[in-house]
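Participant: Below: one structure in structure tokens.
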Amino acid sequence: MERMPEFDLQHPTSLAEAAALLASKPLARLLAGGTDLVPNLRRGLECPPLLVSLGAVRDFSDISFSDAGLTLGAGVTLSSLAAHEQLARHYPAITEAARAIAGPGHRSVATLGGNLCLDTRCVFYNQSEWWRAANDYCLKRGGEVCHVAPQGKRCHAAFSGDLAPVLLTLGAEVELVASQRTRRLLLCELYRDDGATHLTLERDEVLARVLVPAASASLVCGYRKARTRGAMDFPLAGVACALKLRGGALSELRVALTGTNSQPLLLDGTHELTGRPVDDELLAKLGKLVQKQVSPMRTTVTPSNYRRQVASALAQRLVRELALASGKE
């Protein structure tokens, strides 16, 4: 890795102030935990003239519960999510996903907002400056060709955040703050399927908080991921599921995936599986739905079809596991 580039560092005390600083310099970047941004700086992938630190922003890391549901400040650390007992009781999949991210040192500083806004990844992108230059760069940064799909005109770098699929299955919304306005949108609307520009954030917007509806007592949810090593690594495929059973049959099912596409994917067509028992036939249909909709490319050292099969198998196993747990309650 290279030396850190030179930059100015500002410490605003409000999100509106942070947004104004972003607006003042088009290449400015936000800094929270820095576990994603700093390696990109060291690789020469980013060279911002200004870093806007969010460490001094007030009320940015709160966790609060109400009758309406759960509110998570975007600055809450992953270790805080992983260790929060009330969160584990009411939204266990959130704590499961947080515990599965990177290592303890990373989780102590990495934030919810950073994980939701994680840069997309590819073996042709996450490299040193000299390596990328030797390969004439890539479509995501500095080049004109996506080495994963040379005939296409879209970047296929994969989104690998672990918390997004869980929050998608829970119907989460996000609140975005700019210097002169605030807006809310569904979490799914934060993303687009383009590895080069996968976030729909405006230039001066900051992710402020995540709002999760109150969890139904009969809803069971979970998260599982596959990775090259048992810890530290980004998911080759990650799956979140939320389901309800009624009278032994599936009454509701939501499945979301990460690590395979340029955006976290909320699976279409799961309503077709409701009204049936969770048996081998239903799980086979679910597996086919996953395989048709995920689109892993050659963005990791692991073959694309392997990741497709892993995503399918993880979804089937997790739904079976959750259905069994729900049936015992």
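Participant: Residues in segment 29-84 that are within 20 Å of Pro104 (Cα to Cα), polar (S, T, N, Q) and open to solvent by 50 Å² or more (accessible area, probe 1.4 Å): how many?
Facilitator: Selection size over segment 29-84: 3.
Participant: Test Gly287 against the stated conditions and say whether it is in contact with a strand residue (DSSP E or B) (Cβ under 8 Å, 6 or more places away or on another chain) and either over 20 Å from Gly195 (Cα atoms) or aromatic (Phe, Trp, Tyr) (or both). Before you say what the answer is, go through the steps one by one.
Facilitator: Values: in contact with a strand residue (DSSP E or B) (Cβ under 8 Å, 6 or more places away or on another chain): no; either over 20 Å from Gly195 (Cα atoms) or aromatic (Phe, Trp, Tyr) (or both): yes.
No; evaluated as a whole, the condition is false for this residue.
Participant: Sticking with this one: Quick one: count up the residues across segment 130-152 that are among the hydrophobic types (A, V, I, L, M, F, W, C), out of contact with any Leu (no Cβ under 8 Å at 6 or more places or on another chain) and open to solvent by 60 Å² or more (accessible area, probe 1.4 Å).
Facilitator: Of segment 130-152, the ones among the hydrophobic types (A, V, I, L, M, F, W, C) are 130-131, 133-134, 138-139, 145-146, 148-149.
Checking the rest, the ones that are also out of contact with any Leu (no Cβ under 8 Å at 6 or more places or on another chain) come to 130-131, 133-134, 138-139, 148-149.
Pick out the ones that are also open to solvent by 60 Å² or more (accessible area, probe 1.4 Å) and you get 130-131, 134.
Summing the residues that are among the hydrophobic types (A, V, I, L, M, F, W, C), out of contact with any Leu (no Cβ under 8 Å at 6 or more places or on another chain) and open to solvent by 60 Å² or more (accessible area, probe 1.4 Å) in segment 130-152 gives 3.
Participant: Write out, first by first residue and then by second, each pair whose Cβ atoms fall under 6 Å of each other, whose residues are 6+ apart or on separate chains, and whose first residue, in segment 5-24, is farther than 14 Å from Ser179 by Cβ and in contact (Cβ under 8 Å) with a residue 40 or more places away in the chain while the second is assigned to a loop (DSSP other than H, G, I, E, B) and open to solvent by 80 Å² or more (accessible area, probe 1.4 Å).
Facilitator: Pro5/Cys47
Yes/no per residue for (1) more than 25 Å from Pro150 (Cα to Cα); (2) open to solvent by 10 Å² or more (accessible area, probe 1.4 Å):
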site	(1), (2)
Leu219	yes, yes
Pro235	no, no
Leu245	yes, yes
Asn305	no, yes
Leu314	yes, yes
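Participant: For segment 266-283: of the residues being under 22 Å from the mean Cα position of the chain (by Cα) and either touching a residue at least 60 places away in the same chain (Cβ under 8 Å) or over 27 Å from Ala196 (Cα atoms) (or both), which is surrounded by the fewest Cβ atoms within 10 Å (Cβ to Cβ)? Give the derivation first.
Facilitator: Quick first cut of segment 266-283, residues under 22 Å from the mean Cα position of the chain (by Cα) only: 266-270.
Those still in the list that are either touching a residue at least 60 places away in the same chain (Cβ under 8 Å) or over 27 Å from Ala196 (Cα atoms) (or both) too: 266, 269-270.
Details: Leu266: 21, Gly269: 13, Thr270: 21.
So, considering only residues that are under 22 Å from the mean Cα position of the chain (by Cα) and either touching a residue at least 60 places away in the same chain (Cβ under 8 Å) or over 27 Å from Ala196 (Cα atoms) (or both), the one surrounded by the fewest Cβ atoms within 10 Å (Cβ to Cβ) is Gly269.
Participant: Of everything in segment 194-213, what is touching a residue at least 24 places away in the same chain (Cβ under 8 Å), open to solvent by less than 60 Å² (accessible area, probe 1.4 Å) and assigned to a loop (DSSP other than H, G, I, E, B)? Give them in sequence order.
Facilitator: Of everything in segment 194-213, those that are touching a residue at least 24 places away in the same chain (Cβ under 8 Å), open to solvent by less than 60 Å² (accessible area, probe 1.4 Å) and assigned to a loop (DSSP other than H, G, I, E, B) turn out to be Asp194, Gly195, Ala196, His198, Leu201, Asp204, Glu205.
Participant: Do any helices (runs of 4 or more DSSP H) entirely within segment 26-124 hold 1 or more residues that are among the polar types (S, T, N, Q), and if so, which?
Facilitator: Those helices (runs of 4 or more DSSP H) span 37-42, 78-83, 85-90, 92-99, 112-116.
The values are calculated or read from the model by the stated rules, or taken from the named source; none is laboratory data. Note that the coordinates shown come from a computational prediction; the quantities given were computed from them, not determined experimentally. As a convention, Cβ positions derive from the backbone with ideal geometry for all residues, glycine included, and neighbour counts pool all protein chains shown. Just the protein is used for accessible areas: all its heavy atoms, side chains included, with ligands, DNA and RNA removed. Shrake-Rupley method; radii C 1.70, N 1.55, O 1.52, S 1.80 Å.
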